[in-house]
Every structure is written in structure tokens, then in C-alpha cells.
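For reference, the structure discussed in these notes is given below.
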Number of protein chains: 2
Amino acid sequence: MDDFESLRIFVCVAEELSVTGAARRLGKSPSNVTTKLQKLEANLGAELLVRTGKRISLSHAGEAFLDYAAKLLSLRAESMHVVSGGRTPGTIRIGSMEATAASRLPDFLASFNTAFPAVRLELGTGPSMKLMDDVRSGRLDCAFLAIPPSFLDSALSDRLEVLDLVFQDAWEESLVLLSPRGIADQQDSTVRTLAAFPPGCTYRRIAEETLNIPESDDWTIQETSSYHVMVALASTGRCVTVLPESVLGTMKIPETLISTPLRRVKTQVTWRKGYGTPAFDQFLGHLSGTDFG
Amino acid sequence: MDDFESLRIFVCVAEELSVTGAARRLGKSPSNVTTKLQKLEANLGAELLVRTGKRISLSHAGEAFLDYAAKLLSLRAESMHVVSGGRTPGTIRIGSMEATAASRLPDFLASFNTAFPAVRLELGTGPSMKLMDDVRSGRLDCAFLAIPPSFLDSALSDRLEVLDLVFQDAWEESLVLLSPRGIADQQDSTVRTLAAFPPGCTYRRIAEETLNIPESDDWTIQETSSYHVMVALASTGRCVTVLPESVLGTMKIPETLISTPLRRVKTQVTWRKGYGTPAFDQFLGHLSGTDFG
DNA sequence: ACTTTTCATTTCCAAATAGAGAATATCATG
DNA sequence: CATGATATTCTCTATTTGGAAATGAAAAGT
């Protein structure tokens, strides 16, 4: 492998799965892209791409190398950003729970962006546990997540120190139970289905604990992929669901549904101990200076 | 920053603190080195080196960038090694306790090296806790260390799972107390000085626990930097010391010293979960196939 | 079945870049 | 003050890069 340009080209081709597409996106001629790819493969002594006719796809080695290439590129960008003291544009890769991305982040990120237009923001969502993992491994720079209260009681509060992660309280969410009208008393409800995100979601976990779902086996869980689906399912009257009040505020809720407060849960930001690029410091500063009511 | 060649040059210059020296080591002309450095600095928009007269030293930014450069280079080497399926030469960065490096590793590494001459080995020593940290952060690929038994009893056995590290038993060391002759009973010894490595060393910790040093404050600890010094100090009759029997076997011990068994301690190898380059797989295989009696 | 379009690759040429050597400037040292 | 060591600048050549057009080959359209 020779230079970073080749890596950028390869990553681009791998994303587009097209030489011409990548060439267009990079403002280069296709011939250039082809040649660079060939040289890269020659230097690595391995086929990165499988050419079947005129379509291309990633080989096994290509998949593996794509990981490395992405890591190398982001590490280089970070190094340039840090060394230049922030003059070079920085990127912040943010992870967040679905709920946070839906309710709190849009405004906040917009405000941060106007304050620091030079900083590029990348946002992805996932369950809290995966977020923590992604921050630890460096795939994310920071994440907004919630630690299940049951974890905090247990020995995990101890464990968190050992993760090399720093946690900082951001704000509190008020978790509410959304149920079809006429079922005020949750425990006695005849509805025994919970619509929730896949396992790993902290709010789902809290919902399960509060409703004693693990112990009683007459509950079924309907897994969904978005809050809109969750509300839609609840609207049918066949299930209840749990979500933060702030998310509720961003949606139109049918009259047939009523919400009852469940409990409050802290949202925290986490990042690797010692991680501090100029861009990220600005981000944290902006976060502290923002009031989330 | 442009290509990896510039990084290699910069790292080399930073190590030699000399342009001509680096040029010689890299088989390049000094002019080439100078030009590359200047271009690198121009691209980064920061001074990496401080030129005071004809001597050069690293600037603050240079120090920071050196870290990144080293990381980028080793990541590139790893990617090439992995992608080529092991045909490209691989490197294994091994960390180990002082004791292991002195007794078990020389033979083992030699035997591994003859079996797999293509794999480059790097070895550094440090206290167990630092080793764990270095493996986690990727500065090391694996480490030979000992977990204090008191940790295993406590909640830490739990914690270890969460570190994303894999642990594997390698062998057991027999820890012995080395004391001046005539002080068979350790507890009643008039000698109240322990020669040991700085804090962080597991064997020191075990020694402290066994001798009840934390509780009784009439002990003093003499910190040393090598087993030879430890034995030399004990030879004077003024202190006792604790070390593995296997280390003892590599040294000439004066007649005035006697050793009494203390306890057995497991040595473990650890590496990041999911880390597996061809070279490292061979290393682990060779380790499993070796008998350490 | 034949043409057209789309795409990757190859060829060719001009421009940029890298790299060695000689010359220069600058600082230590005897 | 001269000498030797060292970084840098300059200059010239070999190599590499990268785009335009040509080629070939596979889908898509008729």
C-alpha cells in the first residue's frame, strides 16, 4: 500500500461498488481509479475486488482491508486535526440512542453546527450497550446513552471505572407508559404485549423490569425498529409501549392512547478517557453550555 | 500529510534526532529527508521539529504527531499482514513481567523464532497492571502477566470480562521468599525491609499481602529495578525479597541466602478479544504446544 | 438477434513529483 | 580561527501520476 489517496479511493469504490461512481465522487478520472486500485492490490499481494464481468464486489480480503483503510483514514484525519491545533477541520462521530436522536439531538446539533461550522458531525444510532462498545473500540468518538438503573445498583458501577470510559450526565428523560385508553392500571391490564426495540435497548430493559416481564411469562414482546411503529402498534389497542416523554412530544398521539409516567432515567454522554481533540472539546463545552430543561 | 514514507521518515528522524542519521538508516539522501519533512510540516500546517542551530528536537506538536505516526505505521503493517494472509511479514509486540522476560521467555521466544523466522518479535517489560492497559490500548498485542489472587477473589473476576481482553493460563510460578540465613520464620524475622519492584508489580503485591505489610507499619520497602539488585540487597542481610523460583534458577545465589516457598501464582497471557493476525495465531499455537514443566 | 448504453480497463502523453548529488550556510569544536 | 559536522537549498534526471481518448466487454433496450 502506498499512500492515503489510494486508501480513500479504495474506500470510495467499496462504498459505491463502482469505479466510475467513485471517480465522479472523488473528482478523478476512472482510469486513475482503476490504476490506483491495481497498484494497491499489487502492493498488498491480494485481490481486494472481485471483477465479475463489469460489476465489482468486495473479496474476503477486501472486506478485511476496508476496515483497516477506514481506521487509517480516520486516524490520519484525527492526527492532522490535533496537530494543527484545531485549524484543520475536525470530525466528531456521535452515537446515540434512537430516542435521543429523535428528540434532543436535532436542536442541539443544529445549534452546535451554527456555532462551530468547521466541525463535521456524523451521527449513528444503536442500543446503549453497542454504543458503549463502539466508543471503546474507537468506532465512535462519543455516545449518548442510558445505563439501566439495575446496572448502577449492581457491581457494574464499579466496572464502569475500569472501562477507560468517562461518563457525564447530560439530562434526564421522563419515561412514560403509552397504553390504549381504559387501561389505567398497568398491572391489571388485559393487554399483555409490549412493543419495544430489540434487546440491548435500555428503555426496553427498564420497561421489562417495571412491568415484571421477565418473571411473568404471559407477556410477549413485539420488536419494532422505530418509535413510529411502536406508537402505531399501540394505537391498534393490542399492546403497550414505553418511551421518553421528549419523544412523545415530537409526535402526534391519537386520542385513544394515554400516557402514564413510569420513572426518570438519566441520559449520559460517554467518551474514551484521555480523548480530546480540539473539535471534541468544543463539543463538550457546547453541551455543558446548553440547557435541556 | 501525504504518504506513509513521510511518516516513516519522520519517525526515524524523531528517534535519531538527526537528519543524516535517519537518512543513513533509511538508505536515503539527507536532502530527501529534509524535503520530506518540510513537506510534511507544510501539509500539517505545524512545526514538527524545532531547529536550533544544527541540532533538532521535537516540538510539542511533533511529540503528539509521533504517537499518531507510529500508530498509523503499525496499523498499516498489520493490515498488510492480515490481508496477505500471513505472507507479508508480521510483528508481535509482546509485553511481559520482568520475571517472565528473565526466565521463561528467552527459550520460548528463541524456539518460536526458529519455528517462524518470518515473524518479528518485540518485547518490553512492565508491571502487570500497565501491561493490561497497554494491551487494551493497542500498544501491545499481548502480554504475559499475573493477576493478584486477591483480585480474583474480589469482584474483579467479574470486571475482567468487561475489558474485552481474553486471558489464558500459561503456566504456574512458584513464588519463594529469599531471606538471609538464620531467619527461617519470616513473621518473627528481625529484618523488616522488603526489596521489591515499584507498585503495580503483582509479585510485590503478593509479598505485601503474605507478609501483612499493609497492616503493620514497621516494614519499609526498598524499591529496585531488577532482580539482580534485589538479590544483591538481600545478600547484605538487611532485607528479604520475593521472586519466582524460575528466576532464581537463572541466577547464582550466595550461600548466605535461603529460600522458602511462599505460594504458587498463575502466569497468564492476555490479548484483545477478536485480535487475530496470522502471526499471532501461530504464536498462540506455539505457546499451547510448549511445555513449561 | 441486434443495437445501444454503460462500465472497467488500457494506452498514450503531459505534468508533477521524488530523489540523488553538489553547493551553501550554519553551528559546534579543537 | 580553522575544521568538521550538519541541515538546507539548488539543480537535474528518472519515475510516477493522472487525465483524455481508445478499447473491450457486459448489460439493457428494441
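The values are calculated or read from the model by the stated rules, or taken from the named source; none is laboratory data. Everything numeric in this text was worked out from a predicted model, so none of it was measured. Positions of Cβ are generated from backbone atoms using ideal geometry, with glycine treated the same way; all protein chains shown enter the neighbour counts. Heavy atoms of the whole protein, side chains included, go into the accessibility calculation; ligands, DNA and RNA do not. Shrake-Rupley method; radii C 1.70, N 1.55, O 1.52, S 1.80 Å.
Can you give the relative contact order of chain B as a percent, counting alpha carbon pairs under 8 Å and 6+ residues apart? Numbers along the way, then the final one.
Working: 425 pairs, mean separation 61.2, N = 293.
Computed value for chain B: 21 percent relative contact order.
Would you mind checking the pairs A:K28/B:K39; A:K39/A:K130; B:K39/B:K71; A:K28/A:K54 and listing those with alpha carbons more than 25 angstrom apart? Going by Cα-Cα distance, A:K39/A:K130 fall outside the 25 Å limit.
Between rounded, prolate and oblate, where does region A:174-265 land on the alpha carbon gyration tensor, with a ≥ b ≥ c its root eigenvalues, rounded for a/c under 1.5, else prolate if a/b exceeds b/c?
Working: a/c = 1.34, a/b = 1.14, b/c = 1.18.
Verdict is rounded for region A:174-265.
For A:A232, inter-copy separations between label points set 7 Å beyond Cα along the Cβ vector come to 7.8 nm, shortest first. Placing +1 on the Cβ of every Lys and Arg and -1 on the Cβ of every Asp and Glu, with no other charges, gives chain A a dipole of roughly 1220 debye about its Cα centre.
What accessible area, summed over both chains, is buried at the B-A interface (1.4 Å probe, Å², nearest 100)?
On the way: alone 15180 and 15180 Å², together 27530 Å².
Counting protein atoms only, the buried area is about 2800 Å².
The stretch between A:N32 and A:A70, if pulled fully straight at 0.36 nm per residue, gains 11.6 nm over its current Cα-Cα span.
Using the Cβ-Cβ distance between B:Q168 and B:T210 with R0 = 30 Å, the FRET efficiency computed as 1/(1 + (r/R0)^6) comes to roughly 0.70.
Residue of chain A with the Cβ closest to the rotation axis carrying A onto B, and that distance rounded to whole Å: A:D3, 2. Each part gets one Cα centre, and for region A:1-34 versus region B:201-227 those centres are 60 Å apart.
Taking every residue in B:65-72, how many Cβ atoms of other protein chains lie within 10 Å of its Cβ, on average? The partial results should precede the final answer.
Numbers: counts 5, 1, 2, 7, 3, 0, 6, 7.
Per-residue shielding by partner chains comes out at 4.
Of interest is the spacing of the C-alpha centroids, which for region A:243-293 and region A:39-78 amounts to 38 Å. B:W171 contributes about 20 Å² of solvent-accessible surface, heavy atoms of the protein only, 1.4 Å probe. Give the shape of the protein assembly as shown as rounded, prolate or oblate, defined through the alpha-carbon gyration tensor: a ≥ b ≥ c are the square roots of its eigenvalues, a/c under 1.5 means rounded, and otherwise the shape is prolate if a/b is larger than b/c and oblate if not. Verdict is oblate for the protein assembly as shown.
For B:H228, A:H60, give the ranking by accessible area with the largest first, probe 1.4 Å.
Numbers: B:H228 130, A:H60 165 Å².
Result of the area sort, largest leading: A:H60, B:H228.
When nucleic acids and ligands are ignored and a 1.4 Å probe is applied, A:K39 ends up with an accessible area of around 120 Å².
Over region B:1-152, what relative contact order in percent results from Cα pairs under 8 Å that are six or more residues apart?
Values: 160 pairs, mean separation 27.4, N = 152.
Result for region B:1-152 is 18 percent.
Using a 7 Å projection from Cα along Cα-to-Cβ, the label point at A:D218 is separated from the same position in the remaining copies by 7.1 nm, smallest value first. Basic side chains Lys and Arg get +1 at the Cβ, acidic Asp and Glu get -1 at the Cβ, and with that the dipole of region B:4-83 about its Cα centre reaches some 340 debye. Estimated purely from DSSP H runs of n ≥ 4, each contributing -39500 (n - 2.57), the mean residue ellipticity at 222 nm for the protein assembly as shown is -13000 deg cm²/dmol once divided by its residues. Per residue, the accessible area of chain A comes to 47 Å² when a 1.4 Å probe rolls over the protein heavy atoms. Measuring r between the beta carbons of B:K39 and B:T290 and using R0 = 41 Å, the FRET efficiency lands at 0.30. Here the relative contact order of region B:4-83, from alpha carbon pairs under 8 Å that lie six or more residues apart, stands at 30 percent. Label points for B:L73 are taken 7 Å from Cα along Cα→Cβ. From this copy to the others they lie 2.4 nm apart, shortest first.
Accessible surface for B:Y203 stands near 10 Å², nearest 10, in the context of the full protein assembly shown (1.4 Å probe).
Of the peptides A:10-16, A:90-96, the ranking by mean beta-carbon count within 10 Å, highest at the top, reads A:90-96, A:10-16.
Overall, region A:174-265 carries a charge dipole of about 340 debye about its Cα centre when +1 sits on the Cβ of Lys and Arg and -1 on the Cβ of Asp and Glu, all other atoms neutral. Simple spin-label estimate for B:R25 and A:L123 gives 4.7 nm between the two label positions (7 Å along the Cα-to-Cβ direction from each Cα).
Translational diffusion coefficient, Stokes-Einstein: compute it for chain B using the Kirkwood radius over C-alpha pairs as Rh, at 4 °C and 1.567 mPa s, and state it as an integer in µm² s⁻¹. Before the final figure, lay out each step's value.
Values: Rh = 21.9 Å.
Calculated translational D: 59 µm²/s.
Can you sort B:T224, A:T114 by 1.4 Å-probe accessible area, starting with the largest?
From most accessible down to least: A:T114, B:T224.
With chain B treated as a Gaussian network of Cα nodes joined by springs under 10 Å, which of B:L131, B:L109, B:L66 yields the largest mean-square fluctuation? Highest fluctuation of the listed residues: B:L66.
Take each residue of peptide A:45-53, count the partner chain Cβ atoms within 10 Å of its Cβ, and average: the result is 2.
Heavy atoms only, probe 1.4 Å: what % of the accessible area of region B:47-123 goes to carbon and sulfur, would you let me know? Before the final figure, lay out the partial values.
Working: 2030 of 3770 Å².
Using a 1.4 Å probe with all protein chains present, region B:47-123 comes out at 54 percent carbon and sulfur.
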